[in-house]
Structures are given as structure tokens and as C-alpha cells.
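The values are calculated or read from the model by the stated rules, or taken from the named source; none is laboratory data. All values derive from a computational prediction rather than experimental measurement. Every residue, glycine among them, receives a Cβ derived from its backbone with ideal geometry; neighbour counts consider all protein chains shown.
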Amino acid sequence: MEFENKVAVVTGGAHGIGKAVADSFRKQGAEVHVIDIRPGDHFVGDVGDRKTLERFAEHVKATSGKVDFLINNALPLMKGIDNCSYDEFQYALAVGVTAPFYLTKLLMPIFTGDASVVNIASSRDRMSQPQTESYTAAKGGIAALTHAMAISLAGKARVNSISPGWINTTGTEIDGPDAVQQPVGRVGKPEDIAEMVMFLCSSKAGFITGENICIDGGMTKLMIYHGENGWSFEQENT
């Protein structure tokens, strides 16, 4: 119960990684505030909306009066350059970059002296598939925002980010090539990320700030060449 009498805030905390993080905090004794666009028994709202963030921050202040941990996890829109409109791209950045910045700013006055902020980025902050520009830009932005905030918030909070790889949030088992291709032999689980969040928020990580930690089963380290290890490249006619 390391986090007993602590207060945690989790955006996008009603599903997937965010839910695993919120559940882990609760198991460790923390009071947890969740905001999510999905309906449920949490603060329901869109973090891409400024007024919603302000109302949520006031709710946290009025209810708890302090924040020990802030986990910026809400998921931005993924659309590509072929079909992503200007407004959709702006919205992806609002959810993925502006919201973590602004919510941190709003809650900063009630951070405790040993507070921890953890931003959830993505391994897509360093690698890409076609037609993923809105999501990739948002995740690259939050990774860079992390080290900037770590310096600005020195003495108020440690700020780190996690870049998950493929995390299966469906609750079903993924096997076959999708699992075998991973150097660790399986697809990731939300709990894999939650474990690192718990570590970064603990006293054990007291000397870590401004870092981005990639948790992807080793996939970003895997070199792929045609004809090796079962990989082959087939060029499509366009």
C-alpha cells in the first residue's frame, strides 16, 4: 500500500492502459480521479476541450485538494495525411499534447513536493506506418514535452514518459506470427505499462526525470531484412 493517502489523476482512465493504471493505483491505496470520454462512474468529458479540462481540474481541487501523481494517457485520433482534415489534426494535437500541457499547468499549484507526472507516448514517436500522421505527431509532441516540463517543474514534480509498443487492450489472446515476431514472444498487455507507471511514481524512481522509456517487447530494436527470419518484402503495384 505504498500509495495510501496519495491522490492520482488519470486521463483516459476508463479503458485499456489507463484503466490498468487507475486500478493499480487503487490497489496500492491511492484515491484516483479519472477523466474519460466514455460514459461511466468517473468524470466524463473530452480532454480536447479547454473548458472541460478546467472543470475537471476544479473538481480535483475541490474533492482532494492535492495531486501526487498525474498520468496523461488519453488517446489522440489516428488519421493519415490522405484523409485527415485540418480540424482533425488539430484535435489530435489538442488531446495528445495540449491537454497534457494544460492539465499539468492547472494542477501544478496543488502538486505535492514529491509529485510525479507520467506522459504516455508511443513507440510511434520514433517509427511509423503509413497514414498515421495525426497520432504520430501527437505522440512525438508529448515525448518532447516531457523533457521540457521536467526542467520547468524541477522541485515540484518529476516528469517522465513511457512509449508503449503494441499493447493488446481487447482482453483476448493474440498468438501466431503477431506474437512470435516480438522478441519477447508475445504482444504487450496494459499491465506491462501500468507496472512501469507504478515504478516511476514510487520513491524507487526518485532520481529519474525527463526520461522516455520504451516498453515494446524489443520491436524497435529488431532489424528487418528481406529473406531473413521469415520476413519478406512484396512491393505493391500502384
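Any residue at all in segment 77-86 that is part of a strand (DSSP E or B), touching a helix residue (DSSP H, G or I) at 6+ places or on another chain (Cβ under 6 Å) and surrounded by fewer than 21 Cβ atoms within 10 Å (Cβ to Cβ)?
No, because not a single residue in segment 77-86 is part of a strand (DSSP E or B), touching a helix residue (DSSP H, G or I) at 6+ places or on another chain (Cβ under 6 Å) and surrounded by fewer than 21 Cβ atoms within 10 Å (Cβ to Cβ).
Hey, MET198 hits all of (1) assigned to a loop (DSSP other than H, G, I, E, B); (2) in contact with a Ser or Thr (Cβ under 6 Å, 6 or more places away or on another chain) but one; which does it fall short on?
Looking at each condition in turn, MET198 falls short on (1).
Please indicate, with yes or no, whether at least one residue in segment 91-101 is touching a strand residue (DSSP E or B) at 6+ places or on another chain (Cβ under 8 Å), touching a residue at least 24 places away in the same chain (Cβ under 8 Å) and crowded, with 17+ Cβ neighbours inside 10 Å.
Scanning segment 91-101 turns up at least one residue that is touching a strand residue (DSSP E or B) at 6+ places or on another chain (Cβ under 8 Å), touching a residue at least 24 places away in the same chain (Cβ under 8 Å) and crowded, with 17+ Cβ neighbours inside 10 Å.
Please list, ordered by first then second residue, the pairs with beta carbon atoms under 9 Å, 6 or more apart or interchain, first in segment 199-224 and under 15 Å from ARG126 (Cβ atoms) and among the hydroxyl-bearing types (Ser, Thr, Tyr), second part of a helix (DSSP H, G or I) and at pLDDT 95 or above.
Close Cβ pairs satisfying both conditions: THR220/SER123.
Do we have any residue at all in segment 108-118 that's under 23 Å from GLY206 (Cα atoms) and assigned to a loop (DSSP other than H, G, I, E, B)?
Looking for residues that are under 23 Å from GLY206 (Cα atoms) and assigned to a loop (DSSP other than H, G, I, E, B), one finds none in segment 108-118, hence no.
SER163: modelled with pLDDT of 95 or more, under 28 Å from TRP231 (Cα atoms) and not in a loop (DSSP other than H, G, I, E, B), yes or no?
yes
Got a sec? Which of VAL159, VAL117 is within 16 Å of ALA74 (Cβ to Cβ) and either touching a His at 6+ places or on another chain (Cβ under 8 Å) or free of Cβ contacts under 8 Å to residues at least 60 places away in the same chain (or both)?
VAL117
Against the conditions (1) more than 21 Å from ILE162 (Cβ to Cβ); (2) in contact with an Asp or Glu (Cβ under 8 Å, 6 or more places away or on another chain), where does GLU88 fall short? Just the number, please.
(2)
Select from segment 178-217 the residues that are of a type in the set (Gly, Ala, Ser), more than 13 Å from the chain's Cα centre (by Cα) and farther than 29 Å from SER232 by Cβ and write down the one among them that is surrounded by the fewest Cβ atoms within 10 Å (Cβ to Cβ).
SER203
Just to be sure, is THR172 hydroxyl-bearing (Ser, Thr, Tyr), in a loop (DSSP other than H, G, I, E, B), on the phi < 0 side of the Ramachandran plot and at pLDDT below 95?
yes
Hey, among the residues in segment 54-76 that are touching a strand residue (DSSP E or B) at 6+ places or on another chain (Cβ under 7 Å) and assigned to a loop (DSSP other than H, G, I, E, B), which one's nearest to ALA150 (Cα to Cα)?
So the residue we want is ASN73.
Spot the failing condition for ASP68; the list is (1) surrounded by 16 or more Cβ atoms within 10 Å (Cβ to Cβ); (2) farther than 24 Å from PHE199 by Cβ; (3) out of contact with any Leu (no Cβ under 8 Å at 6 or more places or on another chain), and only one is missed.
(2)
For the subset of segment 20-73 comprising residues that are closer than 19 Å to GLN90 by Cα and in contact (Cβ under 8 Å) with a residue 60 or more places away in the chain, which member is nearest to the chain's Cα centre (by Cα)?
The residue in question is ASN73.
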